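See below for the structure under consideration.
Since every read-out is calculated from the coordinates, none of them should be taken as a lab result. What you see is a predicted model; the values in this text were computed from it and never measured. Cβ placement follows ideal geometry from the backbone for every residue including glycine, while neighbour counts extend to all protein chains displayed.
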Amino acid sequence: MNNILVARNIEKSYESGPKLLRVLDNISLEVPEGRILFIVGPSGAGKSTLLHIIAGIDTPDKGDVMINGLDYRKLGGRKKSRLINSDIGFIFQFFHLLSEFTAVENVMLPALIRGENRKKSREKALGLLENLGLGKRAFHKPFQLSGGEQQRVAIARALVNEPGIVFADEPTGNLDKETGGEIISVIRKLSSENSKTFVIATHDYNLVSEGDNIVKLVDGRVVK
Ligand SMILES: Nc1ncnc2c1ncn2[C@@H]1O[C@H](COP(=O)(O)OP(=O)(O)OP(=O)(O)O)[C@@H](O)[C@H]1O
Ligand SMILES: [Mg+2]
């Protein structure tokens, strides 16, 4: 199977007073195209740090990350921003929606930034919201939406530029169990119907099903 993402020998440390705290210790992983990879482990294991590094939001001290065979750390600023805005999508734990904007405007924004015109961006955004069951909520602002609805808007926003790979940091972490279950079903459906690739960091082992790809982290090391 083709790997859309390959990370090799990733290391990351933070200063902690006079000492260096090693948060990721020689992590290597592969993400097969069209699949869901779960990064699981207890709180503080390094899941978010690893996710940020492989998504290009943060840089490792050592190691390489290739997406579609490209090492974006070696790309210039503009090319790198374009890659991050178009080739990857990111879903944050706390949604990070812009509160002054409606759902559809939030979803349109990455498309507008990419240079898509208003009409097309809007059509795309409305289509995605419709698909995610939010057709009737498109003109609500975030505070008028439930937690699960806000997370679905965040998913739509991550998908609007049709990225090959979508990263999600605790996508259900801020939701009750039932709503969290709905979100994970939405992600599974997107993955199987559109062969989208997802990388999900979570401390909730219940999200993982038989046959999923898993990387288990404990204290910054892969244990499985
Ligand atoms: N900017 C930073 N400066 C110093 N230490 C940091 C920084 N960011 C993270 N850490 C440390 O790195 C370790 C891993 O953090 P990370 O957020 O990756 O864990 P996590 O597995 O995502 O945990 P959680 O399940 O609680 O979200 C933690 O011990 C944390 O204290
Ligand atoms: Mg985390």
Magnitude of the charge dipole, the chain, Cβ model with Lys/Arg +1 and Asp/Glu -1, debye to 20
680
Give me the tail of P(r) for region 62-116 as a percent: Cα-Cα pairs with distance above 16 Å.
55
How fast does region 100-224 diffuse by Stokes-Einstein, in µm²/s, taking the Kirkwood radius from C-alpha pairs at 37 °C and 0.692 mPa s?
212
Percentage relative contact order, region 54-207, counting C-alpha pairs under 8 Å, at least six apart
26
Whole-angstrom gap from region 19-56 to region 61-95, using each part's C-alpha centre:
15
Under a GNM of the chain (C-alpha, springs under 10 Å), which listed residue has the highest mean-square fluctuation: Leu75, Leu126, Leu134?
Leu75
Value of relative contact order over region 110-161, rounded to a whole percent, pairs C-alpha under 8 Å and six or more apart
47
Dipole of region 1-140 (Lys/Arg Cβ +1, Asp/Glu Cβ -1, origin at the Cα centre): which of Leu24, Ile4, Gly76 lies farthest to the positive side?
Gly76
Work out the P(r) tail for the chain: percent of alpha carbon pairs separated by more than 28 Å, whole number.
29
Between Asn85 and Lys141, 0.36 nm times their residue separation minus their Cα-Cα distance comes to what?
17.9 nm
Could you give the C-alpha radius of gyration of region 21-75 expressed as a fraction of 2.2 N^0.38 Å, taking N as the number of residues it contains?
1.16
Would region 132-180 count as rounded, prolate or oblate if I go by the C-alpha gyration tensor, calling it rounded below 1.5 in a/c and otherwise prolate when a/b exceeds b/c, oblate otherwise?
oblate
If you take the alpha carbon radius of gyration of region 154-223 and divide it by 2.2 N^0.38 Å, what ratio comes out, to two decimals?
1.14
Cα axis of helix 147-159 to longest principal axis of the chain: angle in degrees, 0 to 90, nearest 10?
80
Sites Ser13 and Lys74, calculated FRET efficiency, Cβ-Cβ separation with R0 25 Å, nearest 0.05
0.70
Chain lengthening between Glu162 and Asp176 when straightened (0.36 nm per residue, less Cα-Cα)
2.2 nm
